[in-house]
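Below: the structure, in structure tokens.
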Amino acid sequence: MTLEYTAAIRKALLKWFLEEARDLPWRRTTDPYRVWLSEIMLQQTRVDQGLPYYERFLAALPTVHDLARAPEDQVMKLWEGLGYYTRARNLHKAAKTVVERHGGKLPENADSLQLLPGIGKYTAGAIASIAFGERAPVVDGNVKRVLARLFDIDRSIDESATEAELWSLAENLVPRKAPGDFNQAMMELGARICTPKKPDCAGCPVQRYCRAWAEGTVAKRPVRKVKKRVPHKEIVVAVIQQDGKYLLGKRPPEGMLGGLWEFPGGKLEKGESHEQALARECREELGVTVKVGGLVASVKHAYTHFKVTLNVYRCTMQRGTPKSRVHTELRWVAPGDFAHYAFPKGNHKFLKLLGEETLFD
């Protein structure tokens, strides 16, 4: 990669970005907190999906001090529906660290930023370059695709060696002047022009420098490993009612869906009926014996690496007092108060049914 080639790509891409970039709220500021929040939210999330969450989150918690002081349940409720909840928990932890150890100011370089929970190499580079003007590279999914086509890389971008090569290319490309704008331009190019399918090569500002375009291999780049078949899991869910309220458990903070509230239940084991699985799960999770009633709903939901069918049954307790064996906390909650609790997205597909009084007549 010659200096002339690098300079030409930088010039063309920055010119395009300054003229064509979408007007997004986090681009109207260099406030590190807002830049940080946007970068965390947009991990695994489309801009159109994340935008209302970003605005709602800032309206409730406008500063890092507000976030650090906020109860965990409030943070999780604001994040509810975005998925990948580890992002929210780490954001909350990092805010507390920033306030307690850094006086409420984020570190100003990528290396120091990576010491905070939830901030990896990409996010650190984005914050450092956009908010503080550090010449730090960024490599996310969009940038990987752009680089793989720009340099016609015929090796799988899922391999660690190829990823290291992509980081090296990105580091060489990012300029000393306006590194944040350049990094955003790379991401914008991947999001809007150099898309996974049907890229708009005719509208690409760096088409003349793209080696995949010259070689006719755009449709073959990036090279990816063959995806494995997505597994499916059958889940049973017990909605246990007592005096007009339902029993909820709070998931442990670590692990999938950590910190969210859910109804008792779990995965169907081999050879089990739904009723047997519900009885076992309630015994193991709560230490109670339940009577399984009718089916409330059977809903499907997809996560990144697997799919589930939630089989939701009304249940009543026969013996025992519920105890927190796998959850950090248990609560009896009326349907009218569900709005105050953050639930996994799949639960929202049947929550409204629990407010119908005739359901348990």
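The values are calculated or read from the model by the stated rules, or taken from the named source; none is laboratory data. Values in this document were obtained by computation on a predicted structure and should not be read as measured data. Here the Cβ is made from the backbone with ideal geometry for all residues, glycine too, and neighbour counts use every protein chain on show.
Say whether the condition of being part of a loop (DSSP other than H, G, I, E, B), more than 30 Å from Val292 (Cα to Cα) and charged (D, E, K, R) is met by at least one residue in the stretch 200-212.
Looking for residues that are part of a loop (DSSP other than H, G, I, E, B), more than 30 Å from Val292 (Cα to Cα) and charged (D, E, K, R), one finds at least one in the stretch 200-212, hence yes.
Please go through the stretch 308-355 and give me each residue that is closer than 22 Å to Met76 by Cα and without any contact (Cβ under 8 Å) to a residue 40 or more places away in the chain, ordered by number.
Gly336, Asp337, Phe338, Ala339, Leu351, Lys352
What do you reckon, is Ile127 among the β-branched types (Val, Ile, Thr), buried (at least 24 other Cβ atoms within 10 Å of the Cβ) and in contact with a helix residue (DSSP H, G or I) (Cβ under 8 Å, 6 or more places away or on another chain)?
yes
Would you be able to say whether some residue in the stretch 262-273 is under 20 Å from Tyr341 (Cβ atoms) and of a type in the set (S, T, N, Q)?
Within the stretch 262-273 (the criterion being under 20 Å from Tyr341 (Cβ atoms) and of a type in the set (S, T, N, Q)), the answer is no, since none of the residues qualifies.
Condition first: over 19 Å from Gly104 (Cβ atoms) and not acidic (Asp, Glu). Can you find one or more residues in the stretch 56-67 that meet it?
Checked against the condition, which is being over 19 Å from Gly104 (Cβ atoms) and not acidic (Asp, Glu), the stretch 56-67 yields at least one hit.
Which residues, counting only those in the stretch 1-45, are under 20 Å from the mean Cα position of the chain (by Cα) and among the small types (Gly, Ala, Ser)?
Ser38
Determine, yes or no, whether Thr63 is surrounded by fewer than 22 Cβ atoms within 10 Å (Cβ to Cβ), under 16 Å from Arg34 (Cβ atoms) and assigned by TED's automatic domain parsing to the domain that holds Val138.
Here the answer is yes, as Thr63 does meet what is asked.
Can Val239 be described as over 30 Å from Leu147 (Cβ atoms), aliphatic (A, V, I, L, M) and modelled with pLDDT of 95 or more?
Considered against the rule, which asks whether it is over 30 Å from Leu147 (Cβ atoms), aliphatic (A, V, I, L, M) and modelled with pLDDT of 95 or more, Val239 comes out as yes.
Scanning for something in the same structural domain as Asp200 (by TED's automatic domain parsing), more than 20 Å from Trp167 (Cα to Cα) and in contact (Cβ under 8 Å) with a residue 12 or more places away in the chain, does the stretch 119-129 turn up at least one residue?
no
Could you tell me whether Ile157 is β-branched (Val, Ile, Thr) and in the same structural domain as Val333 (by TED's automatic domain parsing)?
Taking the combined requirement at face value, the residue does not satisfy it.
So, in the stretch 101-117, how many residues would count as being outside any loop (DSSP other than H, G, I, E, B) and closer than 16 Å to Arg34 by Cα?
The total comes to 1.
What pairs come out if I take residues in the stretch 186-202 that are under 19 Å from Leu169 (Cβ atoms) and pair them with residues that are among the aromatic types (Phe, Trp, Tyr) and surrounded by 12 or more Cβ atoms within 10 Å (Cβ to Cβ) whose C-beta lies under 9 Å away, six or more apart or interchain?
Met186/Phe17; Glu188/Trp16; Glu188/Phe17; Leu189/Trp16; Leu189/Phe17; Ile193/Trp16
Looking only at the stretch 32-50, filter to residues that are more than 27 Å from Val206 (Cβ to Cβ) and modelled with pLDDT of 95 or more; which one of those is surrounded by the most Cβ atoms within 10 Å (Cβ to Cβ)?
The selected residue is Trp36.
Can you work out which of the residues in the stretch 144-158 that are acidic (Asp, Glu) and modelled with pLDDT of 95 or more is nearest to Arg208 (Cα to Cα)?
Looking at residues that are acidic (Asp, Glu) and modelled with pLDDT of 95 or more, I get Asp152.
What number of residues within the stretch 147-185 are surrounded by fewer than 17 Cβ atoms within 10 Å (Cβ to Cβ), without any contact (Cβ under 8 Å) to a residue 60 or more places away in the chain and within 23 Å of Leu14 (Cα to Cα)?
4
So how many residues does the stretch 163-181 have that are part of a helix (DSSP H, G or I) and either more than 24 Å from the chain's Cα centre (by Cα) or modelled with pLDDT under 95 (or both)?
So the answer is 7.
Those residues that are of a type outside the set (Val, Ile, Thr) and in contact with a Gly (Cβ under 6 Å, 6 or more places away or on another chain), I need them from the stretch 129-162; list them, please.
Within the stretch 129-162, Ser129, Ala136, Pro137, Asn142, Arg145 meet the criteria.
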